[in-house]
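*Asks:* Take a look at the following structure, please.
The values are calculated or read from the model by the stated rules, or taken from the named source; none is laboratory data. Every value quoted in this text rests on a predicted model; they were computed, and no experiment measured them. With ideal geometry, Cβ positions are generated from the backbone for all residues, glycine too; neighbour counts draw on all protein chains shown.
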């Protein structure tokens, strides 16, 4: 059992849908569904039931709710007890975050952090994974949240090792191909890479990211150059107008209303592509507040 599961249960008392709970807690709806399903599997009975109006607690679930509220009240008392100690903790922590995950990570980290540590300043810097690793290596950043595609994993691992850094994985996500909602490929019942490669591929990464993407696509017969457009608005317009395609992690797509409005996943049968989100840092030199930040990253992203 995890505290975030009880937090979701307590939050659900004031809402009738898992999507509203997800929005309130700055996480995805699938994450809420999975967490509650895992809790139900662990206790051995249903906590929620689906109705026409959304979801509601079962009789057993109502008891779980009461227990969860007591647990979270105890947790809050413990946190309040630490406020005096935390208020005396001060300093600045600089965190590097990949551009793909910047806003999502900000929301996760800032959740109650300023209340618990009012004299600690968090400084964020967005960039590409390779640049973030270099900045952590040279101590320009305390921690770095990076994203590694299956296509560039070896290169990233080598850079981390050469920089004598530690790496802590957070989660692995499936990567899919996406195109404008009116793209002709969405009309096909089955799509394979041979159907996709005639169209242009667009990335929001740098030259290194483009090169690794191109290498993967070339294995399926892709012959075009990879288009690099870092401005998200321009990239989305280009994708829609030029009938191009791009790649996105599932979680990133689910967290973006703008992506969902303009793009749809191309359900490619023969493509296997994944990415991993993780943290790089100097293990032997971590300060207490850096360790707290790392723990919060692990806890919230779960």
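*Asks:* Could you figure out which of (1) surrounded by 18 or more Cβ atoms within 10 Å (Cβ to Cβ); (2) in contact with a helix residue (DSSP H, G or I) (Cβ under 8 Å, 6 or more places away or on another chain); (3) within 24 Å of residue 272 (Cβ to Cβ) isn't true of residue 225?
*Replies:* (1)
*Asks:* The conditions are (1) in contact (Cβ under 8 Å) with a residue 12 or more places away in the chain; (2) over 25 Å from residue 193 (Cα atoms); (3) within 21 Å of the chain's Cα centre (by Cα), and residue 289 fails exactly one of them. Which is it?
*Replies:* For residue 289, the failing item is (3).
*Asks:* To continue, here is another question. Which residues, counting only those in region 256-286, are buried (at least 16 other Cβ atoms within 10 Å of the Cβ), over 28 Å from residue 154 (Cβ atoms) and more than 16 Å from the chain's Cα centre (by Cα)?
*Replies:* 262, 263, 264
*Asks:* With respect to residue 215, determine if the residue is more than 23 Å from residue 126 (Cα to Cα) and either outside any loop (DSSP other than H, G, I, E, B) or touching a residue at least 60 places away in the same chain (Cβ under 8 Å) (or both).
*Replies:* Judged against the criteria, residue 215 is a match.
*Asks:* Collect the residues in region 266-276 that are in contact with a helix residue (DSSP H, G or I) (Cβ under 7 Å, 6 or more places away or on another chain) and part of a strand (DSSP E or B), keeping them in residue-number order.
*Replies:* Result: 266, 268.
*Asks:* Going through 236, 248 one at a time, which residue ends up being crowded, with 16+ Cβ neighbours inside 10 Å, part of a helix (DSSP H, G or I) and touching a helix residue (DSSP H, G or I) at 6+ places or on another chain (Cβ under 9 Å)?
*Replies:* After ruling out the rest, the residue left standing is 236.
*Asks:* Return yes or no: is residue 180 buried (at least 18 other Cβ atoms within 10 Å of the Cβ) and either at pLDDT below 90 or assigned by TED's automatic domain parsing to the domain that holds residue 31 (or both)?
*Replies:* Taking the combined requirement at face value, the residue does not satisfy it.
*Asks:* Being touching a strand residue (DSSP E or B) at 6+ places or on another chain (Cβ under 8 Å), modelled with pLDDT of 85 or more and either part of a helix (DSSP H, G or I) or not assigned by TED's automatic domain parsing to the domain that holds residue 219 (or both) narrows it down to one residue among 121, 148; which is it?
*Replies:* 148
*Asks:* Among the residues of region 101-118 satisfying the criterion of being more than 18 Å from residue 278 (Cα to Cα) and outside any helix (DSSP H, G or I), which is modelled with the lowest pLDDT?
*Replies:* My answer is 111.
*Asks:* Another one. Can you name the residue in region 151-175 that is assigned to a helix (DSSP H, G or I) and modelled with pLDDT under 90 and, of all such residues, is surrounded by the fewest Cβ atoms within 10 Å (Cβ to Cβ)?
*Replies:* 154
*Asks:* Is it the case that residue 242 is assigned by TED's automatic domain parsing to the domain that holds residue 183 and either at pLDDT below 90 or surrounded by fewer than 13 Cβ atoms within 10 Å (Cβ to Cβ) (or both)?
*Replies:* no
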